[in-house]
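Have a look at the structure below before the remarks.
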Amino acid sequence: MIYRRRASPLHAARAAAGSAWCAALAVAALAVSNPLFLGAVLIAAVLAGALAGVGRELSRALRWAVPMALVIMVVNALVTTDGLTTIWRFGNVPLIGYRYVTAEATAYGAVLGLRAVILILCGALYTTCVDPDELLAMFRRVSYRSALSATLATRLVPLLGRDARRLADAQRCRPGRPPSRAALLRAATSNVLDRALDVAAALEVRGYANARRHPASRGGLWTWSRHDLGFLASALAVAALAIGGRVAGLAGFAAYPSLSIATGLGTITLSLAVLGCALVPFADRRGIVR
């Protein structure tokens, strides 16, 4: 998955606001374990991907996120023996002893898997909707050379991967035993220093060492657009609702020793509030280039 500029409010917002919004969804998933609340956050992430035009990318992320969630649930159910409700007995297993599966361990594993899916979707939204170059430009005030080094590193890693694939294709055409991965790694990285020196010389000739500040780093909060302020306000609201709901006990969840899930009016209201606050900025499509 790579970033492409699309006609959506999330793409129109600057990198700071978009990153804060994605981070707020992740914080909400980590702060609260209630399945109803996590389901609302999951729906918010999926709908945000559809409204931002990256639904296909999110579906690709879900193809391996869902199996991972199932693995997490199964492993937790097999490893954890806490809980009062036994749903399956394995009996005496060699070298392990008496094993059984409880409903509480299975439910808690499902919650952990659901949380993992949400975090993966937040990462996919961040990757596909936040401009990486603008994000690195934010740190030029702190260290211009560090931001430039990070940019070059992210650009050169795929380049080294392509070099390794070309070397592997060329060596397969030669008779004899195919080369090992270590040999391919040595061949691909042997010219790293030469390539770095060439890039450094090109940057020096172009005057990057004396570059001015990026326009995205100028101005303060008053220069932000309505999309920037909308996603920043949404991020603060989602994080505040999640943390406040946890402190107030509105989205309680306990797996051990017996399963207890809060499903009252307060939990439903909190879940719907988080869902609404997360999606409100997508309603304003004024100024979006189609």
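Please treat every number below as a calculation from the coordinates, not as lab data. Treat the numbers as computed from the prediction; the structure is a model and nothing was measured. Counting neighbours? That spans all protein chains shown, and the Cβs are built from the backbone with ideal geometry, glycine included.
Using the count of nearby Cβ atoms within 10 Å as a rough guide to exposure, how do 41, 93, 71 rank from fewest to most? Kindly include the intermediate steps, with their values, before the conclusion.
Details: 41 27, 93 9, 71 13.
The order, fewest Cβ neighbours first, is 93, 71, 41.
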Original post:
Measuring from label point to label point, each 7 Å out along Cα→Cβ, what is the residue 133 to residue 279 span in nm?
Top reply: 3.3 nm
Original post:
Taking 0.36 nm per residue of separation and subtracting the Cα-Cα distance, what length does fully extending residue 84 through residue 263 add?
Top reply: 62.3 nm
**OP:** Mark the label point 7 Å from the Cα of residue 43 along Cα→Cβ and return the residues of region 247-290 whose backbone N is within less than 13 Å of it.
**Re:** 268-279
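Show me 2-13, 161-172 ranked by packing, highest mean number of other Cβ atoms within 10 Å first. Kindly include the intermediate steps, with their values, before the conclusion.
Numbers: 2-13: 18.0, 161-172: 12.6.
Those peptides, ordered most packed to least, come out 2-13, 161-172.
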Original post:
Which of 73, 138, 68 comes first, and how do the rest follow, when ranked by fewest Cβ neighbours within 10 Å?
Top reply: 68, 138, 73
Subject >> Which of 100, 126 has the fewest Cβ neighbours within 10 Å, and the rest in rising order >> reply: 100, 126
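Quick one: if the Förster radius is 45 Å, what FRET efficiency do residue 92 and residue 23 give, using the C-beta to C-beta distance and rounding to 0.05? Write down the numbers at each step before the final one.
Working: r = 47 Å, r/R0 = 1.05.
E between residue 92 and residue 23, to the nearest 0.05, is 0.40.
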